[in-house]
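Taken together, the values in this text are just the output of simple stated rules run on the coordinates, not laboratory data. Nothing here was measured: the structure is a model prediction, and the numbers come from that model. Cβ placement follows ideal geometry from the backbone for every residue including glycine, while neighbour counts extend to all protein chains displayed.
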Amino acid sequence: MSAGLDALDPVIHAPKRLAAMAILVNSKAADFGFLRGHLGVSDSDLSKQMAALEKAGYVTATKTGRGRGGSTWYRATPEGAAAFRRHMAALDAIARLTAEPAGAEAPGAAS
Amino acid sequence: MESDATPQQALAQAERATAAVWYDYPPTPWWYCPGAGAWHAAFPLAIGGLRDAPALLLVALAALMAVAAGFTTWYTRYRGAMPRVGGAIPAEFRPAVVAFGGGYLTLLVGVAIVFVTAGYGAAAIVALVGVTAGFAVYERAYAAAAAATRARVG
């Protein structure tokens, strides 16, 4: 269990950043509006979350256009995609461990 | 850690976000299917009609590529996020995606056969009708898959 906990990425573990990384790893890129709409957060909150991912080197941001028609596009970096996959594998391992006791009781209960 | 979610809840949240790239999309414009049909029909027309003018043919093919690139850029912005090739595909979308790929390849072969046997005009008509109808069927299957996925992941 501790090995699984150690493998959790503290940057990605926050729910909003986990959701943002799940979107970005599975898309070519996503714009600010799409992420804000799916995550259900304010502009300032999303900016803060994305800045943390950018600082970790997990995403890059590109601004397109200017003024009202402009938008910011985010893209997962290879390092970010790898970190997301490691984090998901760790989460999956922990989920299996925490689910095991119920299933493990069956043989003992039968004997 | 900033999260009090259980691992199962975090996994479900990640799955929901992963699927959002597929199911969360704006209405497809009415001209998308006939436009795709016309774009595909332009290939046999250009190749057959300009076969004796290679320079013009190259210009026509380059123009068609530019139209495709322009549409892809516009549609990506319109949609806000496009699924990545090689990314996770929600189970509900797999039958539609596989059928689309198979149907598309079959139609391309069919258009090529008609081009050789019946001429470029007939091939253009087959491409226009086939792609317009095929894309319309795919759009309906995609919308149904999106609704099913949205209902599953909440």
Next item on the list: For peptide A:73-84, compute the average count of partner chain beta-carbon atoms within 10 Å of each residue's beta-carbon.
Entry: 1
Item checked: Inverse of mean 1/r across different Cα pairs in the range B:36-99, Kirkwood, Å -> 14.3 Å
Margin query: Compute, for the protein assembly as shown, the length of the dipole vector about the Cα centre, with Cβ point charges of +1 (Lys, Arg) and -1 (Asp, Glu) only. Units Debye, rounded to 20.
Written below: 680 debye
Note to self: Rounded to whole Å, give me the distance from the Cα center of the range B:21-78 to that of the range B:94-147.
What the structure shows: 14 Å
Checklist line | Options A:Leu97, A:Ala76, A:Ile12, ranked by Cα towards positive dipole end of the range A:3-102, top entry (Cβ charges) | finding: A:Ala76
Item checked: Fraction in percent of alpha-carbon pairs per bin - 5 Å, the range A:9-77 -> 3, 18, 32, 28, 13, 4, 1, 0
Next item on the list: For the range B:20-63, just say rounded, prolate or oblate: build the C-alpha gyration tensor, square-root its eigenvalues into a ≥ b ≥ c, call rounded for a/c under 1.5, and beyond that prolate if a/b exceeds b/c, oblate if not.
Entry: prolate
Note to self: Using the Cα atoms of the range B:34-154, I'd like the radius of gyration and the largest Cα-Cα distance, Dmax, both in angstrom.
What the structure shows: 17.0, 57
Next item on the list: Could you list B:Tyr138, B:Tyr75, B:Tyr120, A:Tyr58 in order of exposure, starting from the residue whose Cβ has the fewest other Cβ atoms within 10 Å?
Entry: B:Tyr75, B:Tyr138, B:Tyr120, A:Tyr58
Check: For the protein assembly as shown, how big is Rg over Rh, using alpha carbon atoms and the Kirkwood form of Rh?
Finding: 1.09
Check: Charges only on Cβ, +1 for Lys and Arg, -1 for Asp and Glu: so what's the dipole of the range B:22-154 about the Cα centre, in debye to the nearest 20?
Finding: 320 debye
Next item on the list: Tell me what the protein assembly as shown gives for mean residue ellipticity at 222 nm when only DSSP H runs of n ≥ 4 count, each as -39,500 (n - 2.57), the sum divided by the residue total, rounded to 500 deg cm²/dmol.
Entry: -25000 deg cm²/dmol
